[in-house]
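Trainee: What follows is a structure written as structure tokens; I'll ask about it next.
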């Protein structure tokens with residue numbers, strides 16, 4: 001397995017005490033080292049996203065406006081839950097570029113599974129709007145690259161972040177080559193309407209009281225049959241770990257074992273379907289640092305079959 005990250009992801013700053021902080025990347029890396037996984041997993045620096053890769057999913061005026069926003073020093077906000085520091089767009093470019101890089105590694109036969117340990121996250125970023133800590137929609141950029149450049153016919157995005165991936169849905173609402181499956185606490189931020197008339201959008205709202213057994217049942221009843229019917233040629237995971245019991249961001253109570261279970265289920269799909277070439281997993285949420293580190297280790301172990 002390969003992990004992609006970049007030092008710039010530590011240089012995107014937020015106000016003191018903000019949950020989406022540079023320490024998230026370090027907590028994951030430290031836990032991977034403590035678990036011994038650094039000896040069996042290769043790490044690579046993320047390549048920056050190109051203008052063409054960003055423009056494939058985002059509005060050109062929106063992208064141009066973002067370029068004018070980073071401050072010369074300090075930290076500033078320009079929208080709800082969106083903070084900018086001088087290196088923010090550099091970090092966001094590398095976070096967005098890690099997905100196409102992961103697709104290339106899979107298509108070249110270097111690895112079947114890649115985890116992108118990057119920030120800022122992306123799944124709330126819509127075609128022309130930043131929100132929820134997200135500037136560029138990293139997972140959407142990766143999936144679009146797989147369709148346009150790797151010439152795949154069908155891909156699937158599986159989002160187990162506790163918040164709905166509204167940006168991913170917005171970008172691919174009219175793209176039937178992308179199956180989008182999302183489990184999320186409901187009602188909850190970003191309060192996206194959960195019903196659509198699109199067969200390739202599978203929203204699975206979960207009550208705040210949800211625990212592991214209910215989450216696993218939802219995946220088995222909704223995600224796995226949808227994957228069988230759709231037959232994707234690559235899986236993309238919006239890997240948010242903020243549904244963890246110890247994470248104050250939500251009321252859903254998952255444990256590391258639940259993330260390991262869903263990750264194993266997706267790895268099993270890869271292993272039993274010859275048309276599926278690999279899995280790209282992208283970090284989204286997860287704000288309790290110890291729980292985040294342990295959950296990512298469980299996720300990575302399952303994807304790497306360790």
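The values are calculated or read from the model by the stated rules, or taken from the named source; none is laboratory data. Only a predicted model underlies this, so the values are computations on that prediction, with no experimental measurement involved. Don't worry about glycine lacking a Cβ; one is built from the backbone with ideal geometry, like all the others, and counts go over all protein chains shown.
Trainee: Quickly run through region 100-147 and pick out the residues that are out of contact with any helix residue (DSSP H, G or I) (no Cβ under 9 Å at 6 or more places or on another chain) and more than 16 Å from residue 42 (Cα to Cα).
Mentor: Residues satisfying the conditions are 133, 147.
Trainee: Can you find a residue that is assigned to a helix (DSSP H, G or I), under 18 Å from the mean Cα position of the chain (by Cα) and surrounded by 15 or more Cβ atoms within 10 Å (Cβ to Cβ) anywhere in region 179-186? Give the derivation first.
Mentor: Residues of region 179-186 assigned to a helix (DSSP H, G or I): none.
No, every residue in region 179-186 fails to be assigned to a helix (DSSP H, G or I), under 18 Å from the mean Cα position of the chain (by Cα) and surrounded by 15 or more Cβ atoms within 10 Å (Cβ to Cβ).
Trainee: A further question on this structure: I need the full set of residues from region 41-80 which are more than 19 Å from residue 127 (Cα to Cα) and either over 23 Å from the mean Cα position of the chain (by Cα) or free of Cβ contacts under 8 Å to residues at least 12 places away in the same chain (or both), in order please.
Mentor: Hits for region 41-80 are 70, 71, 72, 73, 74, 75, 76, 77.
Trainee: Turning to a different aspect of this structure: Looking only at region 215-230, decide whether some residue is touching a residue at least 60 places away in the same chain (Cβ under 8 Å), closer than 15 Å to residue 265 by Cβ and in contact with a helix residue (DSSP H, G or I) (Cβ under 9 Å, 6 or more places away or on another chain).
Mentor: Scanning region 215-230 turns up at least one residue that is touching a residue at least 60 places away in the same chain (Cβ under 8 Å), closer than 15 Å to residue 265 by Cβ and in contact with a helix residue (DSSP H, G or I) (Cβ under 9 Å, 6 or more places away or on another chain).
Trainee: Among the residues of region 17-39, is there at least one that is surrounded by fewer than 18 Cβ atoms within 10 Å (Cβ to Cβ), over 18 Å from the mean Cα position of the chain (by Cα), at pLDDT below 95 and under 17 Å from residue 116 (Cα atoms)?
Mentor: Yes, that holds for at least one residue.
Trainee: Within region 79-109, restricting attention to residues that are outside any helix (DSSP H, G or I) and touching a strand residue (DSSP E or B) at 6+ places or on another chain (Cβ under 6 Å), which residue is nearest to residue 52 (Cα to Cα)?
Mentor: That would be 84.
Trainee: Taking into account only those residues within region 187-202 that are under 23 Å from residue 254 (Cα atoms) and in contact with a helix residue (DSSP H, G or I) (Cβ under 8 Å, 6 or more places away or on another chain), which is surrounded by the fewest Cβ atoms within 10 Å (Cβ to Cβ)?
Mentor: If we filter region 187-202 for residues that are under 23 Å from residue 254 (Cα atoms), which is where we start, we get 187-192, 194, 202.
With the extra rule that they be in contact with a helix residue (DSSP H, G or I) (Cβ under 8 Å, 6 or more places away or on another chain), the set shrinks to 190, 192, 202.
Working: 190: 16, 192: 21, 202: 20.
Residue satisfying both the conditions and the ranking: 190.
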